[in-house]
């Protein structure tokens with residue numbers, strides 16, 4: 001299966017955001033990954049609706065929006081209306097996850113669920129048939145440039161079993177520490193969408209970096 005790549009704008013130059021988005025528009029990237037952080041769910045603040053709307057205006061790739069926020073339900077309509085093609089919420093932030101995913105899908109976006117590194121993948125057994133995407137965090141969320149957590153491979157293997165048992169095949173996404181060395185191993189572990197920040201935007205040629213990650 002072809003692996004898709006979503007460069008993370010968290011690693012872009014925010015002083016030249018339109019230019020960096022254009023670099024991704026001109027690449028073989030499949031999505032543009034946008035991290036929304038509130039300083040509560042994670043110890044960092046990123047961007048809000050005005051910036052997201054501006055990103056949407058310049059982006060020619062669909063937006064993969066990752067909500068690292070508390071109370072995501074109250075913002076689903078606004079994020080979908082602002083242009084999210086995929087809207088991913090955290091399992092840890094949702095009291096009624098089934099309802100949240102249903103709401104996202106009703107708004108016309110793909111509904112994703114993210115798991116922090118310490119959260120066992122088995123918690124998804126009763127929701128896996130309803131989600132379009134599972135995002136396995138391979139670093140602790142909140143900051144870019146962190147080191148990949150190696151035991152994520154075992155977590156991905158357990159996710160594959162849960163998917164097989166349920167007879168479903170959602171997008172399997174990873175975010176954190178993705179680089180040229182571990183990308184082939186992640187693809188072999190069943191990952192179908194890789195988020196990459198500094199590996200893409202820190203490269204001399206971001207388009208070439210995307211091609212290299214795709215293998």
Search region 1-21 for residues being exposed (fewer than 11 other Cβ atoms within 10 Å of the Cβ) and within 29 Å of residue 170 (Cβ to Cβ), and hand back the single one that is modelled with the highest pLDDT. 2
Looking at region 29-56, which of the residues that are at pLDDT 95 or above and either out of contact with any strand residue (DSSP E or B) (no Cβ under 9 Å at 6 or more places or on another chain) or assigned to a loop (DSSP other than H, G, I, E, B) (or both) is surrounded by the most Cβ atoms within 10 Å (Cβ to Cβ)? 29
Residues of region 25-67 being out of contact with any helix residue (DSSP H, G or I) (no Cβ under 8 Å at 6 or more places or on another chain) and touching a residue at least 40 places away in the same chain (Cβ under 8 Å), which ones? 30, 31, 37, 42, 43, 44, 64, 66
With criteria (1) modelled with pLDDT under 95; (2) surrounded by fewer than 20 Cβ atoms within 10 Å (Cβ to Cβ); (3) within 27 Å of residue 100 (Cβ to Cβ), residue 147 comes up short on (3)
State whether the residues of region 172-184 include one that is within 12 Å of residue 134 (Cα to Cα), without any contact (Cβ under 8 Å) to a residue 60 or more places away in the chain and not in a strand (DSSP E or B). no
Mind counting the residues in region 82-107 that are without any contact (Cβ under 8 Å) to a residue 24 or more places away in the chain and in a helix (DSSP H, G or I)? 1
Per the filter on region 151-167, residues modelled with pLDDT of 95 or more and either in contact with a helix residue (DSSP H, G or I) (Cβ under 8 Å, 6 or more places away or on another chain) or assigned to a loop (DSSP other than H, G, I, E, B) (or both) are 153, 155, 156, 158, 159, 162, 163, 166, 167
Positions within region 193-215 being outside any helix (DSSP H, G or I) and buried (at least 19 other Cβ atoms within 10 Å of the Cβ), in sequence order: 193, 194, 195, 196, 197
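The values are calculated or read from the model by the stated rules, or taken from the named source; none is laboratory data. The structure displayed is predicted, hence computed values, not measured ones. Note that each Cβ is placed from the backbone with ideal geometry, even for glycine, and that neighbours are counted across all protein chains shown.
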